[in-house]
Structure formats: structure tokens, C-alpha cells
Amino acid sequence: MSSVLHPPSSGQDPLMATHYRPISSHLAITPPVSVVIPAMNEAENLPYVFKTLPDWIHEVVLVDGNSTDDTVEVARSLWPGLRVVEQRGKGKGDALITGFEACTGDIIVMVDADGSADGNEIVSYVSALVSGADFAKGSRFANGGGTDDMTFIRKLGNWALCTVVNRKFGARYTDLCYGYNAFWRHCLDKIDLDCTGFEVETLMNIRVVKAGLKVQEIPSHEYLRIHGTSNLRAVRDGLRVLKVILAERSNRRALLRQARQERLLNTGRGEVS
């Protein structure tokens, strides 16, 4: 796994410095970091999003969901070398999957395009990953986190769904439906994402636990959307999240039954001592 390194001092070979990516005056990393931003008609919000992104990021991948405003043009003017990927399908899950496939970095960070996420927090996510975590999961309800953008009903629903996931899958999450996360690229080979909507974060959170990956929660503050209205619908998307949880629970039971049957079969053949 890539390591955390101190930046080379001024007396060192300048060629060596190019191997490192400084993220502060005391810390540097070797792995390149890709940031994925799914966006549809977010031209007004993008200036706020990009101004908080650290300049040491390897690449930004904007997934455009067929915007009818100047989303792509504004994004390109804000970030030199921006990679733009046109979304063919629909939904946040589909957009993220499309963006993940386009990334070239070893670490991938998910950031919403509505201005609710602070890009300055990325250093905390990356630090957790290079320190040993496989998946750095943002939490608005961990100590030090917060949210300006959740009604009481949404908080209650998030808590209830989070409680179900914790009990059914052995997780210890404080937040479930939050889109600010980061992970090593190799995690994608183990979680096999296959959903299209806002339930994508829940699916990721469940599957990283099922895959036995090391998860570390990162306190994060969610701000209000700056311009426009969200495509999130609490009841509709809450039901989709619940459907994902039930489906993953059913799959887990089926896998456990299959494993037990295989153990019994192997025992009968004398293959298990």
C-alpha cells in the first residue's frame, strides 16, 4: 500500500520531489487522487465546489448528466485539465459508476456538485486511507461532523436505516446516506456496484462491510445547497434504500446457506478435519 511521506527538504534532489504530492507543509503522499463530481445543471454551484478543492489533486472527473445549462463550460474554466465524461444513463448511481470507470488515480473521492461538501476535508479522507483504511466514509453524525441540510424526518429516516444496516450486517456506522466518501481504487473490484439512484451510497456502505474491507468514518459537515433544488425525494429514495438493504440481506443469507452446505459436503468427503 502507498505510504505517507514527509516532503523532501529544499536540499534534496528536485527530481525526487516529483515522486511526492504535497498536501500540507508537513505531509506528502505518493498515490494520485481522483475526485469524481456527478453534475446535472449545477453551473451556479460549481465555482463554490471547485474553490475548496486542494491543488494537489491528481485529476477531477466531472460526470455530466446531460445538463442544459453551462455546467461543462463553467467546470472547464475552473479546473485546468478537467476530464469530462458524458453520462449515458440516468441517476446518481449511474453517474458515479461512470465516473469511477474513468478515474486513473489510486484513490477516488466522491464529491457532490451542489456546494454542500467542503473540499478542504479531502485531506482527512486521504490521510485515513494512506494510514491503513480501505474505505473512508464521511459521517455527519460522528463527533465533529454536522449538517445544515437535513430535516427532522430525514434525520429520523437516516437513523432508522443506519440502525438496520448495523444490526443486519455487523457495521458500526453513525451515518448511512451520505455521498462524501473516498476509497482505494481496488475496492471497486470487491463491491461490484450495480444500482442507478441515490441508494448507491447505501449499497457501497453495505458491500464494503460484506467484503471485509477496513472502514474508517470521517467527521464531515454538510452545508446547504447553494443554488437550485435537489433531485432527492425523501420518501421515494428512502424506499429505494430500504429495498437495497433487504436485497443485500437476502443475498447474504443465501451466501451463508451455500457456505454451510459446502462445509457439510466437504466434511462428508473427509476434506475438513
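Observations on the structure shown:
- Scanning segment 44-63 for residues that are out of contact with any Ser or Thr (no Cβ under 6 Å at 6 or more places or on another chain) and of a type in the set (D, E, K, R) turns up Glu44, Lys51, Asp55.
- If you go through segment 21-42 and keep only what is in a loop (DSSP other than H, G, I, E, B) and surrounded by fewer than 23 Cβ atoms within 10 Å (Cβ to Cβ), you end up with Ile23, Ser24, Ser25, His26, Leu27, Thr30, Pro31, Pro32, Met40, Asn41.
- Pairing each residue of segment 25-46 that is farther than 19 Å from Leu129 by Cα with any residue that is open to solvent by 40 Å² or more (accessible area, probe 1.4 Å), provided the two are 6+ apart or on different chains, yields C-beta distances under 6 Å for Asn41/Asp69; Ala43/Asp69; Ala43/Asp70; Glu44/His227; Asn45/Ile226; Asn45/His227.
- Among the residues of segment 47-62, the one identified as touching a residue at least 60 places away in the same chain (Cβ under 8 Å) and either among the acidic types (Asp, Glu) or more than 25 Å from Ala28 (Cβ to Cβ) (or both) is Tyr48.
- Exactly one residue among Val235, Val241 is under 21 Å from Asn158 (Cα atoms), crowded, with 21+ Cβ neighbours inside 10 Å and either modelled with pLDDT under 85 or not small (Gly, Ala, Ser) (or both), and that residue is Val241.
- Here Leu161 fulfils each of the conditions (1) open to solvent by less than 40 Å² (accessible area, probe 1.4 Å); (2) under 17 Å from Leu246 (Cβ atoms); (3) not in a helix (DSSP H, G or I) apart from (3).
- Qualifying residue in segment 131-139 (condition: in contact with a strand residue (DSSP E or B) (Cβ under 6 Å, 6 or more places away or on another chain), among the hydroxyl-bearing types (Ser, Thr, Tyr) and modelled with pLDDT of 95 or more): yes
- Consider segment 173-202 and keep the residues that are at pLDDT 95 or above and assigned to a loop (DSSP other than H, G, I, E, B). The one that is surrounded by the fewest Cβ atoms within 10 Å (Cβ to Cβ) is Thr174.
The values are calculated or read from the model by the stated rules, or taken from the named source; none is laboratory data. All values derive from a computational prediction rather than experimental measurement. Cβ sites come from the backbone with ideal geometry, for glycine too, and all protein chains shown count toward neighbours. The protein model used for the area step is the full one, side chains on, heavy atoms only, and it has no ligands, DNA or RNA in it. Shrake-Rupley method; radii C 1.70, N 1.55, O 1.52, S 1.80 Å.
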